[in-house]
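These notes concern the structure reproduced below.
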Amino acid sequence: MFKGKPTKVIITGEAKEEFDDLNKVVGDEIARGITSSDHQTLLNSIKQKIELLMNNPEYGFHIPKDRIPKEYVRDYEVNNLWKANLSGAWRMIYTIRGSEVEIISLILDIINHDDYNKKFGYRKR
């Protein structure tokens, strides 16, 4: 519950593909007896952030409206965007949708730091 409303987290689009691929890689690693890897650390980080979003959809960093990439507006009709930092300098990008009934955190992207910088127009100094 957040502000008296039930919350839900949905992983969609490219984020869903990335999450599913990561789950497969981690499953394969565990089957081979690998108990610690960057993949496992990233997957655990994503799961931890999802739990945090269930309790507080406003957990992450709010991205200013003028920084929202047009593709998110076009593909998902986004009018707010948030970022949660993950392990290994990865980023989880999400938007918050609400109604009188519930609040949904819609995860749009799970991307590495370099791709995040490109997508949001940040340059290396």
(request) Using the charge dipole of the chain (Lys, Arg: +1 at Cβ; Asp, Glu: -1 at Cβ; taken about the Cα centre), state which of 89, 61, 103 has its Cα farthest towards the positive end. (result) 61
(request) Rank these for me by crowding, 72, 122, going from fewest to most other beta carbons within 10 Å. (result) 122, 72
(request) Could you compute the FRET efficiency for residue 100 and residue 24, with r as their C-beta to C-beta distance and R0 at 35 Å, rounded to 0.05? (result) 0.35
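Between residue 44 and residue 118, 0.36 nm times their residue separation minus their Cα-Cα distance comes to what? Show your work: numbers first, answer last.
Details: separation 74, 0.36 × 74 = 26.64 nm, distance 2.52 nm.
Full extension from residue 44 to residue 118 adds 24.1 nm.
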(request) Could you give the size of the charge dipole of the chain about its Cα centre, using +1 on the Cβ of each K and R and -1 on the Cβ of each D and E, expressed in debye and rounded to the nearest 20? (result) 540
(message) If you average the C-alpha positions of the stretch 5-24 and of the stretch 64-120 separately, how far apart do those two centres end up, in angstrom?
(response) 12
(request) Have a look at 23, 6, 35 and report the one farthest towards the positive end of the charge dipole of the chain, computed about the Cα centre with Cβ charges (Lys/Arg +1, Asp/Glu -1). (result) 6
(request) Please say if the chain is rounded, prolate or oblate, where rounded means a/c under 1.5 for a ≥ b ≥ c the square roots of the C-alpha gyration tensor eigenvalues, and otherwise the choice is prolate for a/b larger than b/c and oblate otherwise? (result) oblate
(message) Given the -39500 (n - 2.57) contribution per DSSP H run of 4+ residues, what per-residue ellipticity at 222 nm results for the chain, rounded to the nearest 500 deg cm²/dmol?
(response) -13000 deg cm²/dmol
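Read-outs: derived from the displayed coordinates by stated rules, not from any lab. Not measured: the values here are computed from a predicted model. Cβ sites come from the backbone with ideal geometry, for glycine too, and all protein chains shown count toward neighbours.
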